[in-house]
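Before any comments, here is the structure.
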Amino acid sequence: MSEPKVLLSGLAFPESARWHDGRLWFCNWIAQQVVAVTPGGTPEFFDVPVEQLMGWSVDWLPDGTMLTTGDKLRRYETDGSVVVVADQKANETVVDAHGNVYLNGADFDFAGGEAPKPGYIKLVTPDGSVREVAGDIEFPNGMVITPDGGTLIISESFAGRLTAFDIEPGGGLSNRRVFADGLGPDGITLDAEGAVWVQTGGSDVVRVAEGGEVLQRIELPEGRAPFSLTLGDFDGPTLFILTAEWRAADSIADNLGRLTNGLRTGEVLAAPVNSPRADAD
């Protein structure tokens, strides 16, 4: 497998990688921007009204309307207006084919060093109602839904595992089980063979099958942490890896402090892979 190449650099803190409408999208935390990148590597920057520097994400409804999480769930209309969909703070989100929006979060100050509290997954249905569909998530992070709409997989970062749920007809979650463990998961992506690209907790990412078998591995330069992953198609199936400098010997607060104080070490890496994304045509 080819070594990943730098697609973009000089970013604040790239997170929440997505593939949408033939482009790579991600959230540029701290700068409070959503960024879209063409196959030629040209970025387009969109300012978003997220009232927090970190801990938010982006996804799209089936009609192509963009959503952002953060202090609230917001929808961006075609006329440029912004609508609050739900007064619910959240970290990551994923949207299913029916327009159900899954949000996750944990109510403690991670960056400030507050003691962890159990996290949750909440469901926002198209009528705007909000309900919790899973609890006791050990720092919920990236989520993916299988193309058949039957399974949701979530990163439990503090547990070092990927957890899967069956999605019920009404959007509820059941049959909780371990998809893979012994990892360091953050933002994840699913390929067409049902394997997940995920972080290990070090400076590498792996492709794992259900049950935890490691199928492939990509090493990153030492000192760079991969925060989010997504699959797309830039002249063939491509894994996009969003990274920033992260010093393992330093505290979380010190690492985040460097980023929030203007150190622009964020990069987007691109690596060709064999299996396309799960929802590829």
Give, in nm to one decimal, the length gained when the segment between Thr146 and His98 is fully stretched (0.36 nm per residue of separation minus the Cα-Cα distance). 15.9 nm
Can you give me the long-range amide H partners of Asn141? Hydrogens built in the peptide plane at 1.01 Å from N, cutoff under 5 Å, separation of 5 or more residues or another chain. Ser155, Ser157
About its Cα centre, what dipole magnitude does the chain give when the only charges are +1 on Lys and Arg Cβ and -1 on Asp and Glu Cβ, stated in debye to the nearest 20? 340
Mean separation of Cα pairs under 8 Å and 6+ residues apart, divided by the residue count of segment 53-205: what relative contact order is that in percent? 13
Inter-label distance, nm, simple model (7 Å from Cα along the C-beta direction), Asp235/Ser81: 4.4
Add +1 for every Lys or Arg and -1 for every Asp or Glu among the other residues with Cβ under 14 Å from the Cβ of Gly160, and state the total. -3
Grab the beta carbon distance between Gln88 and Ser9, set R0 = 45 Å, and tell me the FRET efficiency rounded to 0.05. 0.85
Just from the alpha-carbon atoms, what are the Rg and Dmax of segment 1-91 in angstroms? 13.6, 44
Pop the C-beta distance of Asn175 and Gln52 into the FRET formula with R0 = 35 Å and round what comes out to the nearest 0.05. 0.55
Using only Cα atoms, figure out Rg for the chain and give it as a multiple of 2.2 N^0.38 Å. 0.92
Hey, rough spin-label estimate for His20 and Lys117, points 7 angstrom out along Cα→Cβ, what's it come to in nanometres? 2.9
Filtered pair list for the chain (Lys only, Cα < 27 Å, 8 or more apart or interchain) has a length of 5
Relative contact order, percent, of segment 1-122 when contacts are C-alpha pairs under 8 Å separated by at least 6 residues? 14
Taking R0 as 35 Å and r as the Cβ-Cβ distance between Asp127 and Ala209, the FRET efficiency 1/(1 + (r/R0)^6), rounded to the nearest 0.05, comes to 0.40
Working out 0.36 nm times the residue gap between Thr42 and Glu245, then minus their Cα-Cα distance, what length gain in nm do you get to one decimal? 70.8 nm
Could you work out how far apart the two model spin labels at Asp279 and Glu222 are, taking each label as a point 7 Å from the Cα in the direction of the beta carbon, and quote it in nm? 4.0
When only Cα pairs under 8 Å and 6 or more residues apart are kept, what is the percent relative contact order across the chain? 17
Average silhouette area of segment 45-152, convex hull of alpha-carbon atoms, in square nanometres: 7.4
Given a 1.4 Å probe and the protein chains all in place, what does the accessible area of Val178 round to, in Å² to the nearest 10? 80
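The values are calculated or read from the model by the stated rules, or taken from the named source; none is laboratory data. Everything quoted here is computed from the prediction, not taken from an experiment. Using ideal geometry, Cβ is built from the backbone for each residue, glycine included, and neighbour counts are taken over all protein chains shown. For the accessible areas, the whole protein counts, side chains as well, though only heavy atoms, and no ligand, DNA or RNA atoms are used. Shrake-Rupley method; radii C 1.70, N 1.55, O 1.52, S 1.80 Å.
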